[in-house]
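Notes follow once the structure below has been shown.
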Amino acid sequence: MPKTPSLKDFRRIVVKVGSSLLVDSAAGRLNGDWLTSLAADIAGLHQEKRDLLVVSSGAIALGRAVLKLPAGPLKLEDSQAAAAVGQIALARSWSEVLGAHAITAGQVLVTLGDTEERRRYLNARSTIDKLLEWRAVPVINENDTVATSEIRYGDNDRLAARVATMVSADLLVLLSDVDGLYDKPPSAGDAKLVPVVARITPQIEAMAGASESQFARGGMLTKIEAGKIATTAGTHMVIASGRVPHPLQAIVQGAPCTWFLTPANPVTARKKWIAGSLEPRGALIIDAGAVKALR
Ligand code: GLU
């Protein structure tokens with residue numbers, strides 16, 4: 001089995017945080033203590049001269065909580081308006097928890113076109129590069145308030161993967177409510193965690209499909225799609241549990257997780273962009289042939 005890397009091996013890390021970790025929907029508020037512990041982990045890695053970026057979900061969930069909207073599916077305009085309320089509160093919280101470590105946070109809201117149209121991609125990339133040059137931590141989300149159903153990513157796993165490849169991150173961390181990919185549905189008593197995926201094969205996709213019933217949006221299948229985008233473009237990915245305090249420290253200390261490894265030879269930025277393109281409706285095109293043709 002290939003050796004698993006260590007978080008400390010990487011110099012530019014994107015950390016994606018899911019809504020269910022950030023927002024305590026029952027209590028109708030942010031999980032403040034947990035967020036504070038994550039910010040301390042981010043600060044520790046940042047102080048060791050790494051570049052850190054956050055892709056934070058939670059705008060819609062937090063907006064719902066603040067507005068006390070009833071449970072159940074929301075109409076598009078309701079979730080867009082909820083996101084407007086949630087995003088401002090989310091951004092303030094990130095700014096406060098990172099600010100406590102003397103780290104400046106910069107909010108970046110993107111829509112699908114910002115990663116899929118080359119001119120806008122270059123523009124978004126240079127803004128993020130500038131924030132990193134200033135040692136700020138970009139806190140990125142989809143601009144849910146203006147993204148309509150035809151032009152949205154819809155899930156932050158693939159958004160995070162596109163951002164990670166855009167900025168040539170060498171690692172994408174997906175903090176999730178599960179600790180990784182299991183070889184069988186976790187409900188099967190003998191399901192085992194897969195520690196390393198050297199290549200995403202149809203067999204790996206089948207494992208993700210089998211566990212899909214365990215998750216809502218942003219389930220294991222979108223995480224595997226994110227893994228394809230990341231690893232095709234030269235970025236490693238790790239799925240780990242965010243259900244513990246100090247979730248990044250936990251990975252360093254050997255908590256169970258699943259690593260998706262990328263082949264050693266990184267592809268150039270242009271090839272990355274082409275290789276990981278998303279269709280306008282959010283379907284993924286991973287065109288290994290196109291990458292090869294460009295080599
Ligand atoms: N952008 C959405 C939000 O902030 C989250 C999407 C996702 O959960 O993947 O509410």
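Across region 65-81, the qualifying residues are those that are within 12 Å of the ligand (Cβ to nearest atom) and more than 21 Å from the chain's Cα centre (by Cα), and the one among them that is surrounded by the most Cβ atoms within 10 Å (Cβ to Cβ) is Ala65. Evaluated against (1) within 10 Å of the ligand (Cβ to nearest atom); (2) more than 28 Å from Ala240 (Cα to Cα), Asn141 falls short on exactly one condition, (2). All conditions in (1) without any contact (Cβ under 8 Å) to a residue 40 or more places away in the chain; (2) among the aliphatic types (A, V, I, L, M); (3) surrounded by 15 or more Cβ atoms within 10 Å (Cβ to Cβ); (4) away from the ligand (no atom under 15 Å from the Cβ) hold for Ala27, with the sole exception of (3).
Table: residues versus (1) in a helix (DSSP H, G or I); (2) within 30 Å of Phe10 (Cβ to Cβ).
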residue: Val54; (1), (2): no, yes
residue: Ala65; (1), (2): yes, no
residue: Gly72; (1), (2): no, no
residue: Ala82; (1), (2): yes, no
residue: Val85; (1), (2): yes, no
residue: Leu90; (1), (2): yes, yes
residue: Ser95; (1), (2): yes, yes
residue: Asn123; (1), (2): yes, yes
residue: Ile128; (1), (2): yes, yes
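Scanning region 193-215 for residues that are closer than 28 Å to Trp34 by Cα, free of Cβ contacts under 8 Å to residues at least 40 places away in the same chain, out of contact with any Gly (no Cβ under 6 Å at 6 or more places or on another chain) and surrounded by fewer than 15 Cβ atoms within 10 Å (Cβ to Cβ) turns up at least one hit.
So which of Leu132, Leu38, Leu109, Leu52 ends up being within 28 Å of Pro247 (Cα to Cα), at pLDDT 95 or above, in contact with an Asp or Glu (Cβ under 6 Å, 6 or more places away or on another chain) and not small (Gly, Ala, Ser)?
On the way: Leu38 fails: in contact with an Asp or Glu (Cβ under 6 Å, 6 or more places away or on another chain); Leu109 fails: in contact with an Asp or Glu (Cβ under 6 Å, 6 or more places away or on another chain); Leu52 fails: in contact with an Asp or Glu (Cβ under 6 Å, 6 or more places away or on another chain).
Just one listed residue meets the conditions, Leu132.
Against the test of being buried (at least 21 other Cβ atoms within 10 Å of the Cβ), near the ligand (Cβ under 10 Å from one of its atoms), among the hydrophobic types (A, V, I, L, M, F, W, C) and closer than 26 Å to Ser25 by Cα, the options Leu62, Leu109, Leu53, Leu98 yield a single qualifying residue, Leu62.
Of everything in region 144-177 that is part of a helix (DSSP H, G or I) and among the charged types (D, E, K, R), the residue that is farthest from the ligand (Cβ to nearest atom) is Glu150. Would you mind stating whether Ser6 is buried (at least 20 other Cβ atoms within 10 Å of the Cβ) and polar (S, T, N, Q)? No, not satisfied. Restricting Ile229, Ile239 to residues that are within 16 Å of the ligand (Cβ to nearest atom), touching a Lys or Arg at 6+ places or on another chain (Cβ under 7 Å), part of a helix (DSSP H, G or I) and not aromatic (Phe, Trp, Tyr) narrows the list to Ile229. Every test in (1) out of contact with any Asp or Glu (no Cβ under 6 Å at 6 or more places or on another chain); (2) free of Cβ contacts under 8 Å to residues at least 60 places away in the same chain; (3) within 13 Å of the ligand (Cβ to nearest atom); (4) of a type outside the set (A, V, I, L, M, F, W, C) is passed by Asp183 save one, and that test is (3).
The values are calculated or read from the model by the stated rules, or taken from the named source; none is laboratory data. Just so you know, these numbers come straight off a predicted model, no measurement behind them. When we count neighbours, we look across all protein chains shown, and the Cβ atoms used for this are built from the backbone with ideal geometry, even at glycine.
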